[in-house]
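Read through the structure below, which is laid out as structure tokens, and then see the notes.
The values are calculated or read from the model by the stated rules, or taken from the named source; none is laboratory data. Just so we're clear, the structure is a prediction, and the values are computed from it rather than from any experiment. Every residue, glycine among them, receives a Cβ derived from its backbone with ideal geometry; neighbour counts consider all protein chains shown. Heavy atoms of the whole protein, side chains included, go into the accessibility calculation; ligands, DNA and RNA do not. Shrake-Rupley method; radii C 1.70, N 1.55, O 1.52, S 1.80 Å.
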Amino acid sequence: MTTRVAMVCLGNICRSPMADVVLEHRLAEAGIDDVVVSSSGTGDWHVGQPMDERAAEKLTAAGYDASRHRARTFTAEWFDQQDLILTMDASNHADVLALARTDEDRAKVRMYRSFDPEADTPDAEVPDPWYGGPEGFDDVLAMVERTTDEIVRHLSER
Ligand code: 4NP
């Protein structure tokens, strides 16, 4: 049975697309072909746009395909389409939960970094790199890569 995983951040042009692309890449490497990965943002300012150039540059330099992403907005219908919804920060988490209609919806939502082996607490956040310099994107990519390995392990144990 296919498992559907969605990453959610604010703009869907930096953090969640990076997490999306890296997970897709690593699942393909692991030969796991029954997981569908997607991402969206709680805000709609960038709908239809490709990833932030700084995020795409970091991904491309690290060997990932950043070219296919187009930003989408998270809406309540996503709960019907997804099995696991991973939120990047506490604000995204609260915004997603505010759209949940049932306990079943709520049970699908989890903080992305709850899978990060280096997170100090289960509610650790992926900091928003949008306002800062390029080093913020390096930090996000490192966080995403190590967290992705745990997510792949989790998905391979289904
Ligand atoms: P993201 O970063 O949530 O990681 O995609 C942001 C991108 C754009 C904006 C905020 C955060 N924005 O305000 O347009």
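Candidates in segment 123-141 are the residues that are open to solvent by less than 50 Å² (accessible area, probe 1.4 Å) and free of Cβ contacts under 8 Å to residues at least 12 places away in the same chain; of these, the one that is farthest from the ligand (Cβ to nearest atom) is Gly133. Within segment 69-85, track down each residue that is within 13 Å of the ligand (Cβ to nearest atom) and of a type in the set (A, V, I, L, M, F, W, C). Those that are within 13 Å of the ligand (Cβ to nearest atom) and of a type in the set (A, V, I, L, M, F, W, C): Ala71, Phe74. Take the conditions among the hydroxyl-bearing types (Ser, Thr, Tyr) and in contact (Cβ under 8 Å) with a residue 24 or more places away in the chain and apply them to Ser67. Does it pass? Answer is no for this residue. From the list Arg146, Arg113, the one residue that fits, being within 18 Å of Met18 (Cα to Cα), within 14 Å of the ligand (Cβ to nearest atom) and in a helix (DSSP H, G or I), is Arg113.
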